[in-house]
Amino acid sequence: MNKIYSHENSEKNISQEHIKYSNHPLRWMHVDMNSYFATLLQQETPYLRGKPVVVVKDIGRTCVIACSKEAKRIGVKTGMSLADAKKRTQNLYVVPVNFPMFLDCTKKLYKMWKELAPNPEIFSMDEVFLDMNTIPTRVKYKSEKELGFFIQQNVKRTLGEWVTCNVGIGPTRLLAKILGEISEKGSVCSILWTDRLPLLADVLFVDVCGVGRALAKKLACFGVYTPLQIPFLGKETLISYFGSFWAEELLKISNGEDPSFLQRILAEPKERSVGRTTTGFSLCSDRQEILRVFFALCCEVMKKSRALHLYGRTVFFFMMGRTQSAHHRITCTSAITSTKTLFEFAQQWVQSLHAIFPVIRWGVYLSNTQKDLPPSLFPSQDEKHEQIERVLDQLQSKYGSRVLRYAIDFSPTLPDEEVTGFFGEKRIHLQDV
Ligand SMILES: [Mg+2]
């Protein structure tokens, strides 16, 4: 089991890599905002600054989705229950999430990154990789670190004085990110290719992007806790226990090279369906209210569909209660292009149900999709609706999603458009920046 690479191979690899990475010793800059969601709320409300703040999805919700650095310092973690977090301190400040504000801040950052480098690689809502090779010559800086400090100042100017970020600089994205992850908050650090081994020997998988909890647990069964220990398992063992894809990925990580998902940040994802789910604050048995939520989800699904130029023929609705659930699937002869048509299917289904059970979770999906539809000579009613909705999309993206909406969906209980920290739908949210 404890096979190591042959001496000959390692020599060859090292010399090739050495040439590759020595040409760009500090090619990648990784910028990561510190405790992004909580810090932005502290920026907005100075009273919260310096205090342990936890962010929840809504008032009354019990899962911590983000926390401030002060809360982290006393052991509060993302994903913890609010009850557990409260055990750490009597003075915990619980604040509901503000997705529109977070998204607005991310858009401001994205604009800033684009001014600095033409193709910023947005990794999550608060993280970006900048390729130093693409930074135009008009941006003057003496060293990469100096540029890092300049970026930190710019972040403060853009989002506010309370907002800090870590800047990690290295020959690969992976090394830059690991370095940023383990460095002191608010720092700027760099690492050369030749200095990577001590870092890879020290860092635990929890700080290594790409090695999730399940993979780290499996590696721990072999006594492997840091990237540098991976090659000692031998390639055959890695392949037999993790499969050939993950064996390759793990070997790249063990050497500080970018695993394939870090090399493909800018690649277009291949979506096959568009969907949106939401969980209500409390069980809902009111048919009209249930339909209102479906309408909000239909609006969002069609908005995504238009942004991705992806139109589906099969629609799937579901609703879930404590003990009961129901779903409905229809496949149409042509693609659905307007919210009105999509919602009518939901309406017909919900109205046809004899009894309504208390619902807590809703979902709408469009699948069986095709890219772009050929324009027709005589636009149908549906296509006319689509054109109106495209104008609505533009207005909402400019002035906010609540400025102009369909008359039917005006309700304070409707879910806000959701933006996750990982930011899987960045193409949709950043397209107008
Ligand atoms: Mg962060």
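The values are calculated or read from the model by the stated rules, or taken from the named source; none is laboratory data. Bear in mind that the values here come from a model prediction, so they are computed numbers and not experimental data. Here the Cβ is made from the backbone with ideal geometry for all residues, glycine too, and neighbour counts use every protein chain on show. Protein only, heavy atoms only, side chains kept; ligands, DNA and RNA dropped before computing areas. Shrake-Rupley method; radii C 1.70, N 1.55, O 1.52, S 1.80 Å.
Per-structure values
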{"quantity": "Rounded if a/c under 1.5, otherwise prolate or oblate - the chain, Cα gyration tensor axes", "calculated": "prolate"}
{"quantity": "Label point at R88 placed 7 Å out along Cα→Cβ; residues across segment 43-69 whose backbone nitrogen lies under 17 Å", "calculated": "49-57, 62-69"}
{"quantity": "Angle in degrees between helix 144-159 and the longest Cα principal axis of the chain, rounded to the nearest 10", "calculated": "20 degrees"}
{"quantity": "Nearest 10 degrees, 0 to 90: helix 235-254 Cα axis against the chain principal axis", "calculated": "80 degrees"}
{"quantity": "Cross-link reach list, lysines versus K384, counting only Cα pairs under 21 Å and skipping chain neighbours closer than eight places", "calculated": "K303, K304, K340, K371"}
{"quantity": "Cα-based helix-to-principal-axis angle, 99-116 vs the chain, degrees rounded to 10", "calculated": "50 degrees"}
{"quantity": "Accessible area expressed per residue, the chain, with surrounding protein chains retained (probe 1.4 Å, Å²)", "calculated": "52 Å²"}
{"quantity": "Student exercise, the chain dipole from Lys, Arg, Asp, Glu Cβ charges, in Debye to nearest 20", "calculated": "600 debye"}
{"quantity": "S81 paired with A216, simple spin-label distance in nm, labels 7 Å along Cα-to-beta-carbon", "calculated": "2.3 nm"}
{"quantity": "Length gained when the stretch K108-K140 is fully extended (0.36 nm per residue, less Cα-Cα span)", "calculated": "9.3 nm"}
{"quantity": "Carbon plus sulfur fraction of accessible area for segment 36-98, probe 1.4 Å, in percent", "calculated": "52 percent"}
{"quantity": "Length released on extending from Y47 to D207, taking residue separation times 0.36 nm less the Cα-Cα span", "calculated": "54.5 nm"}
{"quantity": "Spacing of the two label points (7 Å from each Cα toward its C-beta) at Q370 and F281, in nm", "calculated": "4.3 nm"}
{"quantity": "Distance-filtered residues of segment 274-315 - backbone nitrogen under 15 Å, label point 7 angstrom along Q348 Cα→Cβ", "calculated": "313-315"}
{"quantity": "Fraction of beta bridges assigned by DSSP in the chain that are antiparallel (%, nearest 5)", "calculated": "85 percent"}
{"quantity": "Solvent-accessible ranking of T333, T45, T194, largest area first, probe 1.4 Å", "calculated": "T333, T194, T45"}
{"quantity": "In segment 278-369, chymotrypsin sites (Phe, Trp or Tyr not before Pro) in a DSSP loop with at most 14 other beta-carbon atoms within 10 Å", "calculated": "none"}
{"quantity": "Segment Q153-F357, length gained on full extension (0.36 nm per residue, minus Cα span)", "calculated": "68.1 nm"}
{"quantity": "Gyration tensor verdict on segment 255-389 (Cα atoms; rounded if a/c is under 1.5, prolate if a/b is larger than b/c, oblate otherwise)", "calculated": "oblate"}
{"quantity": "Segment 172-237, relative contact order [Cα under 8 Å, separation at least 6], %", "calculated": "29 percent"}
